[in-house]
Amino acid sequence: MSKVLIIGAGGVGQVVTHKCAQRRDIFSEITLASRTQSKCDAIAAQIATPIATAQVDADNVAELAALIRREQPKLVINVALPYQDLTIMDACLETGVDYLDTANYEPRDTAKFEYHWQWAYQERFKRAGIMALLGSGFDPGVTNVYTALAAKSHLDEVQEIDIIDANAGSHGQPFATNFNPEINIREVTAPCRHWENGQWIESGALATKHSFDFPDGIGPMNIYRMYHEEMESIVKHIPTIKKAQFWMTFSDNYLKHLEVLQNVGMTRIDEVEYNGQKIVPLQFLKAVLPDPGSLGPLTKGKTCIGVIARGLKGGKRKQVYIYNICDHEACFREVKSQAISYTTGVPAVVGAIMMLTGKWHKPGVWNMEQFDPELFLEVLGPMGLPTVVVDGGEWPEL
Ligand code: NDP
């Protein structure tokens, strides 16, 4: 029985709070803190059991440390924005409390999607006897666990992976992003990188496209290659992997809007002068786009996120496809959020359960593929995200 402090009351924070409240056997006390306390209170009001709320500026280490000292949690779940990862890790070090997040630290002025800032905390976390679990969302997160499962139980040697993220849902809006628009648009407009023969190969953003036939009645959709942060840790920790690519579906309509926004400069993340004030165009764009939280009641359809791992088994080439299907409307009925927030928030809670029950616990800073995947997946299914494994099959080389 442990107390948990959740930081961030956005789409993912809402799911994490609901899901922790469903497991009072583990999360006996829950505090939800964020920049705007009224958002925490609105989430707390949706839940039948008591949730404490607090206001905190997670860019401020002293404020965070004071909050942690006051609340005395066993674990801090960071579902604020990637900009706050290091300040929250610093506050956890100062107070000797475990840490978990769902996205790598990002500097505000350049889109990097790199782990080195957080990996640099390894020795300090070890010395303090505390643990940080990095990237416990779906991708990164469950996709790392699926890759580890392919390596542990399905292939003798994983040589190639294709991580494929399909959102086959529709919200009926002309243009909206399914999670924080600033982070989402930074990700999809960044140059593409994939791993091949020991190095990163750069290509144009979303320049490589295929059609992929998705399971569970979803059918063929266009997938576009892009960089995604989990590839960095996966190829480091599973060094047999010679090729790693990440693919995401985008509708023609989404791409049409994105191209115009990019061409007119609205996706820039550097400051521009406007009426004597400095503004960042992408932050302004976020302010005029639909709030991802408002899409929950509107979104219908499914997501399908998974990994095709290819390699050797008994000396022969073999493929395995491991994926999850999640239904937007079912998520909304359960926790008042669409599947993008749900597929991120549920693995965050499962990661927290792994840490608090000691199934995955060791001092230091770790990525998801560094622990036993089966222990995680045993809990993930009953928490709402079942895993499908198709062992052997002939999916096209991408
Ligand atoms: P939202 O924008 O919906 O929510 C972010 C929350 O963080 C808001 O409540 C915001 O407060 C709060 N916040 C921002 N800055 C601060 C600050 N300085 N101090 C305190 N609170 C702050 O984002 P999402 O819920 O969609 O995403 C949350 C995280 O999940 C992000 O890091 C995102 O990258 C990650 N993610 C990971 C995925 C995965 O699969 N691994 C997939 C999707 C998201 P306010 O309301 O006041 O603005």
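The values are calculated or read from the model by the stated rules, or taken from the named source; none is laboratory data. Since this is a predicted model, take the numbers as computed values, not measurements. Cβ sites come from the backbone with ideal geometry, for glycine too, and all protein chains shown count toward neighbours. For the accessible areas, the whole protein counts, side chains as well, though only heavy atoms, and no ligand, DNA or RNA atoms are used. Shrake-Rupley method; radii C 1.70, N 1.55, O 1.52, S 1.80 Å.
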* With (1) within 28 Å of L375 (Cβ to Cβ); (2) away from the ligand (no atom under 15 Å from the Cβ) as the list, and F175 as the residue in question, which single condition is left unmet? -> (1)
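For L295, indicate whether it is in a strand (DSSP E or B) and either hydrophobic (A, V, I, L, M, F, W, C) or closer than 26 Å to H171 by Cβ (or both). Step through it out loud before you land on a result.
Working: in a strand (DSSP E or B): no; either hydrophobic (A, V, I, L, M, F, W, C) or closer than 26 Å to H171 by Cβ (or both): yes.
It is false that L295 is in a strand (DSSP E or B) and either hydrophobic (A, V, I, L, M, F, W, C) or closer than 26 Å to H171 by Cβ (or both).
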* To do: Inspect all residues belonging to segment 342-350 and state whether any of them is within 29 Å of G393 (Cβ to Cβ), in a helix (DSSP H, G or I), small (G, A, S) and within 16 Å of the ligand (Cβ to nearest atom).
  => no
* Inter-residue pairs, beta-carbon under 9 Å, first outside the structural domain of I269 (by TED's automatic domain parsing) and in segment 102-114, second basic (K, R) and assigned to a loop (DSSP other than H, G, I, E, B), 6+ apart -> N104/K112; Y105/K112; E106/K112
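Of all helices (runs of 4 or more DSSP H) completely enclosed by segment 28-137, which ones contain at least 2 residues that are within 20 Å of G345 (Cα to Cα) and near the ligand (Cβ under 10 Å from one of its atoms)? Show your work before the answer.
On the way: elements: 37-45, 61-71, 85-95, 116-119, 122-128.
By residue number, 37-45, 85-95.
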* For segment 18-52, name all the residues that are of a type in the set (S, T, N, Q), under 20 Å from D85 (Cα atoms) and surrounded by 14 or more Cβ atoms within 10 Å (Cβ to Cβ). => T31, S34, Q37
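Name every residue in segment 236-258 that is farther than 18 Å from P290 by Cα and at pLDDT below 95, in order of residue number.
Here is the first cut: in segment 236-258, the residues farther than 18 Å from P290 by Cα are 236-249, 252.
Of everything in segment 236-258, just one residue is farther than 18 Å from P290 by Cα and at pLDDT below 95, namely D252.
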* Structure fact -> Of the conditions (1) within 11 Å of the ligand (Cβ to nearest atom); (2) open to solvent by 60 Å² or more (accessible area, probe 1.4 Å), the single one that V15 does not satisfy is (2)
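On the given criteria, is Y274 among the hydroxyl-bearing types (S, T, Y) and more than 24 Å from the chain's Cα centre (by Cα)? Walk me through how you get there before you give the answer.
Working: among the hydroxyl-bearing types (S, T, Y): yes; more than 24 Å from the chain's Cα centre (by Cα): yes.
It is true that Y274 is among the hydroxyl-bearing types (S, T, Y) and more than 24 Å from the chain's Cα centre (by Cα).
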